Structures are given as C-alpha cells and as structure tokens.
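S.K.: Sharing a structure below in structure tokens format, with a few things to ask.
The values are calculated or read from the model by the stated rules, or taken from the named source; none is laboratory data. Keep in mind it's a predicted model, so treat the numbers as computed, not measured. Note that we place each Cβ from the backbone using ideal geometry, even for glycine, and neighbour counts take in every protein chain shown.
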Amino acid sequence: MSGAMLGSRSERSFLPIGASRRLGRIRAVVLYLCGFALFGGLVAGLAAAIPFPAGAMEQGPAVAVRTVVVAAKLEQTASGARLVFVASQPLTATPFALEKPDRLVLDLPEVNFQLPAHTGEAGTGLVKSFRYGLFGFGRSRVVIDLSAPARIVSAVNAPLLKDLGTTFTIELARADREAFHELAGGAHATSATASSAPVAPARSATPQKDTRPLIVIDPGHGGFDPGAMGGSGEVEKNITLEFATTLAAELERRGHVQVALTRSNDSFVSLTDRARFAHDQNAALFVSIHADTLMGSPHVHGATIYTLADHASDADAARVAEKENRVDQLAGLDSSNTDEEVVSILDDLMKRETKVLSLAFAKKLIQTLEPHVRLNKNPLRAASFVVLRAPDVPSALVELGYLSSEADRASLTSPQWREETARAIATAIEARLPAQPGAAALAN
C-alpha cells in the first residue's frame, strides 16, 4: 500500500473521444511529442494517451472541461532543472515548499493526467523524482522531490501548435538552505488542509435514531497516491476501492450495520484524516483495505492482517508500516505536527480494551478468511500504522494479497474472488458485533 504514485494516472478518460475529422491534428501532436521519447521513453504510452478528447479542445460555453495532460519531460539545465507538461489547455499553479525532506509542490485545478506508467520515477540533477494526480475534489497536485534546496523561477504556458494544446514549463533553480527554509516557512497552513476529508454517512431524516453500529471501510491510497503497482499494470488504489465498495454493498445488503467509506472515488485522503474520521463518527470498527508488493520475491503471497502496536511484530511488518506511514509526506503534506498529536494520545491508543478488541477481530478475520483466501505464512502481524491510531476504535489493516505475486494478482482482479472474500470479511465483522451499537460494546 504505499503512496504514493504519487505518480497517478487516470484509468479512463471522462471526456468524449475526438471525431475522425481531428485525426490530422492528433497526428501532428504525435509527431511533435515524439521528441519526448529521447527522455524517459514516453512514446510507449503516447499511443493510448495522446488524443486530446474533442471536448478538451472545443469547450462549449456551458461545459466545464477538465484539462488533460498527455506528456511530461524532465531535463537538467545550467541553473537547475526544467519540468514540462503538455496539456490540452493552459494551467495555473500555486507553488510552495516543504522541508524534511525537501520538496516543491504545485497545486492545480483538477487535471486528468494521462501519462505512461512510471512517469516521474527517474530524476536528474536537482530533481530526484516527481509525482502527480488528483488531490481532492476539483484539485490536483504535483510534488517534486529535490536532491538539494531549489526554488521555482517561473511557471509559464506557451501554445504548442495552433489549437493543439499548450506546454506548461516549470523552471527550477538552486537555492541556499536559508532561503529555502524561509520559503518553506509559510507552507504549513497551505499544505495541512489540502486533502479531501471523508464524508459522514447520510443520516435518516426521521426522528427515529439509527442504532445500528457504524463500520468504517477505508480503501487505501487514492488520487495521486497509487499505492503498490502490479507487474501487469494493476494499481493498488483501484483494487482497494473496488473491494471496499463491494464489501460496503455486502454489509448494507445484510442490513445489520451502517457503513461509511473514507473515500468513494479516486481522491486522496490523508492518513490522519482517515483515522480521525473513524473516531469522530464513533465507529464501532475501522477496516483499512490494502494490497502489498514485494519486488524480487514473487513467491511471497497471501493475505495478512495487521493491528496496531508500538513495536512491530517482525521486520516485514515494520517495512510495511514504514512504507504506509510515508504516504502523507509523499503527498506534499506538512507532517510536522502529526508526531506531537500522536504522542498526546499514545496512552489512549494503548488502552487495553481497544488493543484486545482489535486483536480479537483480527483473529476472527483470519479464521473466517482461511477457507476462502490464500493466507500468508504469517497472517497475523502488528506495527505502528498511523491509519490505525483512532484511540477508541478497534481497527485492523487487511492486506488482501501481493501484487508482486502472479497468483494473488489473478485473485485481486477477479470479481468472483472479490465478492467471495467480501462476504467472508462481512461475516467476520458481524461476528464481532453484539446486538447493541458502539465501539465499547464490541464482544470479546
């Protein structure tokens, strides 16, 4: 489950496909963009991503059209670095800087990034890498990881070809540490509130209160944080959302609980916002859905259930938690206050009741899943996951399998497997809930 991508790309276009009369224009753009193939091998992805949808170029007066980005090029310059995006229309950006580690962040209006997989993973000079994607309703974000302090000198739009889009060029130059520190000083308020917040479940308008316990299902990753990537193009954020939606539907069909999702679309939600949502909604249970990957070890497979602990149960659990806990940082969020907030509630987090209830639920999950799902050789583990830190809500993180395993990938992308596994998890959830609602009333 990792962040994040953040190099995200849209799995489908939300805009209409251009008519054949535009084919000549599209070919012209392809010829222009072939020059980008010398950097990063982008041509491989252009065949699918290159056609600007007709609506992106011919905006009607009453239709708000999302900008489409179809190519990106990073190059080193004498003074620093240059990052160029090719877009269907001009972009506007609000930049800021963050330290620990050094990053430059640009917030944009919502953009449909149609870029080849792994775009931005390779850096040059000042830039280690860059990530991009949806960052909440109506907003997108680009995060540039720096190898040394830098500043944005300019961000300029220029026409590409007549009526064929624009280039958005970001010029970066080296900066000294003191200047970068001052630049980053005003970023906290901007970055701290940028992610989408989960939406509470709709409550009945009738006077009668719904006394059913609330279950919060958390589809891991999202937006420009894709999480783990499979060898055949599978993306963790899509797998987790599809599974969480299936699980929520199964629970709602049974009718014994209320259900809320921390995200219901391809948007980014910070780890602390996910945990805080469960706490604020007085959830009876919080279940975070993920899918791991372990490069170089395709034989490792099976589902794993994690609970919260101040010390990891083993090295693998520590690795997974460290990777997952970096998501907010990779998203360009300022996490300087997170540790202080966590420390202030550590005593509550370690309350015996919540820990015992979480562990009991995890054991029930394993028992219920075993007849239906391949389990990891060590299926019950624990580590210090930020997303599980709601102090009074029993919580578990479910790694459905490994995207690095061919067998697990086949399962994770199978609708039949998804429905069968969702039924098993729903059964485990209901088995841990008594007739009365509330987290504190969870049965032992």
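S.K.: Those residues that are within 26 Å of the chain's Cα centre (by Cα) and among the basic types (Lys, Arg), I need them from segment 116-163; list them, please.
M.R.: Residues satisfying the conditions are Lys128, Arg131, Arg139, Arg141.
S.K.: Go through segment 94-119 and give me each residue that's surrounded by fewer than 17 Cβ atoms within 10 Å (Cβ to Cβ) and either hydrophobic (A, V, I, L, M, F, W, C) or not assigned by TED's automatic domain parsing to the domain that holds Phe135 (or both).
M.R.: First pass over segment 94-119, keeping only residues surrounded by fewer than 17 Cβ atoms within 10 Å (Cβ to Cβ): 94, 100-101, 109-110, 117-118.
Within segment 94-119, Ala117 is the sole residue that qualifies.
S.K.: If we scan segment 400-409, do we find a residue that is surrounded by fewer than 19 Cβ atoms within 10 Å (Cβ to Cβ), assigned to a loop (DSSP other than H, G, I, E, B) and within 21 Å of the chain's Cα centre (by Cα)?
M.R.: Looking only at segment 400-409, we keep the residues that are surrounded by fewer than 19 Cβ atoms within 10 Å (Cβ to Cβ), and these are 406-407.
In the following step, the residues that additionally are assigned to a loop (DSSP other than H, G, I, E, B) were identified as none.
No: zero hits.
S.K.: Can you work out which of the residues in segment 412-427 that are farther than 14 Å from Pro371 by Cα and crowded, with 21+ Cβ neighbours inside 10 Å is nearest to the chain's Cα centre (by Cα)?
M.R.: Leu412
S.K.: Pull up segment 136-147, narrow it to residues that are out of contact with any Asp or Glu (no Cβ under 7 Å at 6 or more places or on another chain) and not in a strand (DSSP E or B), then point me to the one that is farthest from Ala179 (Cα to Cα). Let's see the steps before the verdict.
M.R.: Within segment 136-147, the subset out of contact with any Asp or Glu (no Cβ under 7 Å at 6 or more places or on another chain) is 136-137, 142-145, 147.
Add one more test, that the residue is not in a strand (DSSP E or B), and what stays is 136-137, 147.
On the way: Gly136: 30, Phe137: 33, Ser147: 16 Å.
Top of the filtered list is Phe137.
S.K.: If you take the residues of segment 149-172 that are touching a Gly at 6+ places or on another chain (Cβ under 9 Å) and under 13 Å from Arg103 (Cα atoms), which of them is surrounded by the fewest Cβ atoms within 10 Å (Cβ to Cβ)?
M.R.: Of everything passing the filter in segment 149-172, Arg151 is surrounded by the fewest Cβ atoms within 10 Å (Cβ to Cβ).
S.K.: Hey, another quick one. Taking segment 66-85 on its own, how many of its residues are part of a loop (DSSP other than H, G, I, E, B) and either surrounded by fewer than 18 Cβ atoms within 10 Å (Cβ to Cβ) or modelled with pLDDT under 75 (or both)? Break it down into steps so the answer makes sense when it comes.
M.R.: Quick first cut of segment 66-85, residues part of a loop (DSSP other than H, G, I, E, B) only: 66, 77-79.
When the remaining residues are screened for being either surrounded by fewer than 18 Cβ atoms within 10 Å (Cβ to Cβ) or modelled with pLDDT under 75 (or both), the result is 77-79.
Here the count works out to 3.
Yes/no matrix, rows are residues, columns are (1) of a type in the set (Val, Ile, Thr); (2) over 18 Å from Pro394 (Cβ atoms); (3) without any contact (Cβ under 8 Å) to a residue 40 or more places away in the chain:
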position: Arg276; (1), (2), (3): no, no, no
position: His279; (1), (2), (3): no, no, no
position: Asn282; (1), (2), (3): no, no, no
position: Ile289; (1), (2), (3): yes, no, no
position: Leu294; (1), (2), (3): no, yes, no
position: His299; (1), (2), (3): no, yes, no
position: Ala309; (1), (2), (3): no, no, no
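S.K.: Then there's this: Among what's in segment 173-189 and is modelled with pLDDT under 70 and surrounded by fewer than 17 Cβ atoms within 10 Å (Cβ to Cβ), pick the residue that is farthest from Phe113 (Cα to Cα). Can you show your working first?
M.R.: Of all residues in segment 173-189, those modelled with pLDDT under 70 come to 186-189.
Subsequent filtering for residues that are surrounded by fewer than 17 Cβ atoms within 10 Å (Cβ to Cβ) retains 186, 188-189.
On the way: Gly186: 28, His188: 26, Ala189: 26 Å.
Checked segment 173-189; the qualifying residue farthest from Phe113 (Cα to Cα) is Gly186.
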